[in-house]
Amino acid sequence: YGFLAENSNFSKICDENGIKFIGASPEMIDGMGDKASAKETMKKAGVPTIPGSVGIIPNFKTCKKLAVEIGYPVLLKATAGGGGKGMRLVWEEKNLEDAWNSARQESKAAFGNDGMYMEKFIEDPRHIEIQILADQQGRVMHLGERECSIQRRHQKLIEEAPAVGIDKEMREKMGAAAVAAAAAVDYRSAGTVEFLFSDGQFYFLEMNTRLQVEHAITE
């Protein structure tokens, strides 16, 4: 894990020079790193996703219209984002334009990309992630879940496994969805599929195309 673990250019350079990169291919890293396109891929694979925009929002006029359609509160998110950067929670329309402008500026500064998408804000969700492993022959398995709901500023503080209060049936459903998510992008290597869980429903959040520091919790 580290700076090169999700660097598609590094993965590409290794491949071009005959070096086996123990990690994801450039296509996988780019495909899942762009969160708006990743979400569309998950929808096609039948993985539950949070209601929201389709792809990148082209302008503020569209943003305003979408927010009404989805219903407040909404979450503006940077497509290249991570660690809470380029993310704004908007409770009512009067605050939307300021949030749109500041989120785009922050995302541009942090990631060199000001593309935004929007999701319905799920209040008080739990954050559960599934560790997956996939081999070179297209076989995918999951190693159970980790609970990482205790966070500060969108950064995880405490993780535990297994998650508390998730029954066998829900655990199997989430595991199957994580495997389907990895298979949908022809994934290889270790990775993590993250879900939000609320009122007995779970929704795809993102996929980390690397070995996370939290992998030790699963081990």
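The values are calculated or read from the model by the stated rules, or taken from the named source; none is laboratory data. This is a predicted model, so every value here is computed, not measured. Note that each Cβ is placed from the backbone with ideal geometry, even for glycine, and that neighbours are counted across all protein chains shown. Accessible surface is based on the protein model in full, side chains and every heavy atom, while ligands, DNA and RNA are left aside. Shrake-Rupley method; radii C 1.70, N 1.55, O 1.52, S 1.80 Å.
Calculate the tail of P(r) for region 51-97: the fraction of all Cα-Cα distances greater than 12 Å, expressed in %.
Numbers: 665 of 1081 pairs.
When all Cα pairs of region 51-97 are counted, 62 percent exceed 12 Å.
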Problem - Ile217 accessible area, assembled protein chains, probe 1.4 Å, Å² - result: 80 Å²
Handout entry: Integer Hz, Karplus 6.51/-1.76/1.60 couplings in order for region 102-114, x for Gly and Pro
Key = 5, 5, 5, 4, 5, 5, 4, 5, 7, 10, x, 8, 9
Practice task
Could you work out how far helix 60-70 tilts from the main Cα principal axis of the chain, as a 0 to 90 degree angle to the nearest 10?
Solution key: 80 degrees
Exercise for the section: Identify the residues of region 83-103 with backbone N under 15 Å of a label point that sits 7 angstrom from the Cα of Lys64 along the Cα-to-Cβ direction, or state none. Expected result: 92-101
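Would you mind finding the longest exposed-site-free stretch of the chain, with exposed trypsin sites (Lys or Arg not before Pro) meaning DSSP loop and at most 14 other Cβ atoms within 10 Å?
Numbers: sites that count: Lys20, Arg139, Arg153.
By the stated rule (loop sites, at most 14 other Cβ atoms within 10 Å), 21-138.
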Problem - Distance from region 191-219 to region 104-153 (C-alpha centre basis), Å - result: 6 Å
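Would you mind getting the Kirkwood hydrodynamic radius of region 104-153 from its Cα pairs, rounded to one decimal in Å? The partial results should precede the final answer.
Numbers: mean 1/r = 0.0683 Å⁻¹.
Hydrodynamic radius (Kirkwood, Cα only) of region 104-153 equals 14.6 Å.
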Practice task
With a ≥ b ≥ c taken as the square roots of the eigenvalues of the C-alpha gyration tensor of region 111-219, please select rounded if a/c is under 1.5 and otherwise prolate if a/b is larger than b/c or oblate if it is not?
Solution key: rounded
Fill in the blank from the handout: For Phe21, Phe10, Phe195, the accessible-area ranking with a 1.4 Å probe, largest leading, is Phe10, Phe21, Phe195
Fill in the blank from the handout: Both in Å, the radius of gyration and Dmax of the C-alpha trace of region 27-141 are 15.2, 52
Practice task
Give me the percent of DSSP beta bridges within the chain that run antiparallel, rounded to the nearest 5.
Solution key: 95 percent
Handout entry: Whole-number percent relative contact order across region 15-87, with pairs defined as alpha carbons under 8 Å at least 6 apart
Key = 24 percent
